[in-house]
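Take a look at the structure below.
The values are calculated or read from the model by the stated rules, or taken from the named source; none is laboratory data. Nothing here was measured: the structure is a model prediction, and the numbers come from that model. Cβ placement follows ideal geometry from the backbone for every residue including glycine, while neighbour counts extend to all protein chains displayed. Keep in mind that these areas ignore ligands, DNA and RNA; they rest on the heavy atoms of the full protein, side chains included. Shrake-Rupley method; radii C 1.70, N 1.55, O 1.52, S 1.80 Å.
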Amino acid sequence: MAAKQDDGRRIISENRKARHEYFITDSYEAGIELKGTEVKSLRTGQANIAESYASFEDDGSFCLINAYIPEFQDAGRFFQHEPRRKRRLLLHKSELAKLLNAVDRKGMTIVPLELYFNARGRAKLKIALAEGKKLHDKRETVAKRDWNRQKARIMR
């Protein structure tokens, strides 16, 4: 089940690999356009955003692609949703412009970090503007983390 946070957030799903695979520069909180059965399925704490990403579509919308929200079992078969459908993300125009600018000019990508319910009970997605790490960068990050762990043991 989902964990409770201090600021009233209840995390449903986390993308832990994102911090290992990318350098995170900016993060934004986006709303998600969901169907009723998707919200009910999220309330049970079942979702996966590990292999998903966000991108701008040809029609100008900003979508979350390949996020897995399973079908809600108690709903009838006529009211079900597709588990891996594109879901529109809701941001302010200025934030969308910044993201589009960074993706087009700098070659950055937009990755989801957390899917959660905020204090008001609304489903939100924390997305980040990120730049891919090279293999040597990943090794360097692991080495720093190991050194900090050893340093903490020595200091105790």
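Region 60-156 holds strands (runs of 3 or more DSSP E) entirely within its bounds, and those carrying 3 or more residues that are touching an Asp or Glu at 6+ places or on another chain (Cβ under 8 Å) and not small (Gly, Ala, Ser) map to 87-90, 109-117, 123-132. Taken over region 7-28, the residue count meeting the criterion of being open to solvent by 80 Å² or more (accessible area, probe 1.4 Å) and outside any loop (DSSP other than H, G, I, E, B) is 4.
I'm trying to understand the selection: among the residues of region 94-106, which are touching a residue at least 12 places away in the same chain (Cβ under 8 Å) and of a type outside the set (D, E, K, R)? Hits for region 94-106 are LEU96, LEU99, LEU100, ALA102, VAL103.
For region 108-144, enumerate the residues that are of a type in the set (D, E, K, R) and open to solvent by 60 Å² or more (accessible area, probe 1.4 Å). ARG120, ARG122, GLU131, LYS134, ARG139, GLU140, LYS144, listed by residue number. The set of residues in region 84-107 that are open to solvent by less than 40 Å² (accessible area, probe 1.4 Å) and under 24 Å from ASN48 (Cβ atoms) comprises ARG87, LEU89, LEU91, LEU99. Name the residue, out of ILE154, ILE69, ILE65, that is open to solvent by less than 30 Å² (accessible area, probe 1.4 Å) and without any contact (Cβ under 8 Å) to a residue 24 or more places away in the chain. Within the list ILE154, ILE69, ILE65, the selection yields ILE65.
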